[in-house]
Amino acid sequence: MPPETAAAGDPFDALADGNRREILRLLAERARPVHELAAAMPISRPAVSRHLRLLSEAGLVAEKREGTSRIYSLRHEGAGAVEAYLEKIWGDAARRFRFMAENTEPPR
C-alpha cells in the first residue's frame, strides 16, 4: 500500500457538489465499488468515477484494488481536516452564541 500523501484538492470545493455529497453519504454506510455507487445514483458510471477522482484528490475518499475492482471508502483524515477547520473558525463563535442564548432574557 502506498504511503499517505497530502491531498491536492480543496475538500470544500469537493463538498460543494450535491452528487459528491451523496457519494460520501453512501460511503459512510460502507465501502463500495464504483458500479454499486453508480447504481444508486441518477448519474452515469463515468460521472461517478470523475466525482470519485475529485473526492480522492481532496483527501476525502480512499481507493483500494481488490482483483479487478476498485473499492472506495471514506478517508477519516480528510473529514477530520474539514472538522478541524470548521471548529477553528466556528467553535468560538458557537460557544459565544450559546453563552448569550443561555444568559439572555427573551424580549417581552
> Failed condition for E77, given (1) in a helix (DSSP H, G or I); (2) touching a residue at least 24 places away in the same chain (Cβ under 8 Å); (3) in contact with a helix residue (DSSP H, G or I) (Cβ under 7 Å, 6 or more places away or on another chain), with all others met?
Replying inline: (3)
>> Can you pull out every residue in region 49-67 that is acidic (D, E) and either within 10 Å of R20 (Cβ to Cβ) or surrounded by 14 or more Cβ atoms within 10 Å (Cβ to Cβ) (or both)?
In response: E57, E63
>> I need the full set of residues from region 35-55 which are in contact (Cβ under 8 Å) with a residue 12 or more places away in the chain and within 16 Å of R75 (Cβ to Cβ), in order please.
In response: L37, H51, L52, L54, L55
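No value in this document is a laboratory result; all are computed from the given coordinates. If you're wondering where the values come from, they're calculated on a predicted model, not measured in any experiment. Cβ atoms come from the backbone with ideal geometry, glycine included; neighbour counts cover every protein chain shown.
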